[in-house]
Amino acid sequence: MVQKVAIVTGTSNEIGFSIALLLARNGFYTFATMSDSDESKDLTDIAKREKLPMEITRLDPSNCDSVNQTVDRISERRKQIDVLVNNAGYGLIGCFEDLSMEEIVQEFETNLFEIVRLTKSVLPVMRRQKYGIIINVGSIAGRIGYPAMSAYIASKFALSGLTESLRYEVDQFGIKVVLIEPGIIKTSFVQTGMMARKATDTSSPYSQLTQKVHQGLRFLSEKGTPLEEVEKVILKVVTSDEPRPRYLVGIDAAVLVEARTRMSDVEFENFIKKELGM
Ligand SMILES: NC(=O)c1ccc[n+]([C@@H]2O[C@H](COP(=O)([O-])OP(=O)(O)OC[C@H]3O[C@@H](n4cnc5c(N)ncnc54)[C@H](OP(=O)(O)O)[C@@H]3O)[C@@H](O)[C@H]2O)c1
């Protein structure tokens, strides 16, 4: 049987790191991409020790030519690309007025346009082979609004819309597009996520609200859903003949979606305000 091939982005850390290992350990020839291959040491060591079918691949997702060259190289060498996991992304904390245009644009660049570039490049390969699974790592933040996170949330809402729409278009070619929507996962995401420059300014009229949200997220991330729950969902998707459009990960995500569905807009807004003591 021909060995399946996977590409995973954002593998120098946390979720991407564990998805790359998971796929390689389950027999996928895995290209673990990262923006800076100097960050690859831990992944390289594990892959070598366990003799995993994995290649660490430097990818500059901000440049179409570089993305196309990387995808061409992979498809020429391995002849197929079965799974693409668009995982790279980061949180940006700060109330809307405290976010600079550059910070908002960069957030969309990483969380949406880098995914657009890579997906556009991989789709012709999947279309020719009449098979493929594209997994976009979204978030529960792509379902609900929340203060001090508008840019991150808007980027994840956009990714949700892209995923849902693309799914219709490429189904005819045997390609499945899936959105993974984790709640808060126990990772360094909140610690390493970007704090907008002006959001740290205590003279900002939004300073108190931003601090409250940031502290709340730090607290929740310490109690977050273990990474293994994300891995279980990814394994379910890549081994399914008919993966669903969306997969929530974590009890917090399920509870929030249930509440959002059950409550009216105003009830839900009041529920969030109460949680935040607003
Ligand atoms: N952790 C959570 O609680 C959680 C919850 C819901 C959704 N998610 C989503 O899951 C995905 C992975 O999150 P994670 O927790 O594993 O996060 P992470 O470790 O902070 O970052 C994941 C990857 O994103 C890239 N990245 C991070 N910060 C960046 C920046 N400032 N500029 C450009 N690229 C940056 C890096 O890719 P390279 O390796 O290529 O450098 C990094 O390895 C993200 O899309 C995130 O939105 C996470």
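Some observations on this one:
- Helix axis angle, 64-78 relative to the chain longest principal axis, alpha carbon, degrees: 40
- Descending semi-axes in whole angstrom, ellipsoid equivalent of the stretch 81-196, from the Cα gyration tensor: 28, 13, 12
- Using a Gaussian network model of the chain in which every pair of alpha carbons under 10 angstrom is joined by a spring, one finds that among 190, 85, 266 the greatest mean-square fluctuation is at 266.
- Normalising the average separation of contacting C-alpha pairs (under 8 angstrom, six or more residues apart) by the number of residues puts the relative contact order of the stretch 1-133 at 26 percent.
- Counting only residues at least eight positions apart within a chain, or on another chain, the lysines with an alpha carbon under 21 Å from that of residue 176 are 4, 79, 120, 130, 156, 232, 236.
- Computed over protein heavy atoms with a 1.4 Å probe, the accessible surface of the stretch 187-242 works out to 64 Å² per residue.
- Per-residue [θ]222 nm for the chain (sum of -39500 (n - 2.57) over DSSP H runs n ≥ 4, rounded to 500): -15500 deg cm²/dmol
- The stretch 71-130 - charge dipole about Cα centre, Lys and Arg +1 at Cβ, Asp and Glu -1, debye rounded to 20: 960
- Applying the criteria of a DSSP loop state and at most 11 other Cβ atoms within 10 Å to the chymotrypsin sites (Phe, Trp or Tyr not before Pro) of the stretch 225-278 yields no site.
- 0 to 90° range, to nearest 10: angle between helix 114-129 axis and the chain longest Cα axis: 30
- Excluding same-chain neighbours fewer than eight residues apart, the aspartates and glutamates reachable from residue 273 by a Cα-Cα span under 18 Å are 252, 258, 265.
- In the stretch 134-217, taking the dipole from charged Cβ atoms about the Cα centre, the farthest positive-side position among 203, 168, 187 is held by 203.
- Most mobile listed residue (225, 200, 57) in the chain, GNM with C-alpha springs under 10 Å: 200
- Computed from backbone phi, the HN-Hα couplings of the stretch 155-168 come to 5, 7, 4, 4, 5, 5, x, 4, 4, 4, 6, 4, 3, 4 Hz, rounded to whole numbers (Karplus: 6.51 cos²θ - 1.76 cosθ + 1.60, θ = phi - 60°; Gly and Pro given as x).
- Dipole in debye (nearest 20) - the chain, about Cα centre, beta carbon charges: Lys, Arg +1; Asp, Glu -1: 840
- Surface share of carbon and sulfur [accessible, 1.4 angstrom probe, percent] for the chain: 53
- Choice from 206, 152, 29 with maximal GNM fluctuation in the chain (Cα, 10 Å cutoff): 206
The values are calculated or read from the model by the stated rules, or taken from the named source; none is laboratory data. Keep in mind it's a predicted model, so treat the numbers as computed, not measured. Note that each Cβ is placed from the backbone with ideal geometry, even for glycine, and that neighbours are counted across all protein chains shown. Accessible surface areas use protein heavy atoms only, side chains included; no ligands, DNA or RNA. Shrake-Rupley method; radii C 1.70, N 1.55, O 1.52, S 1.80 Å.
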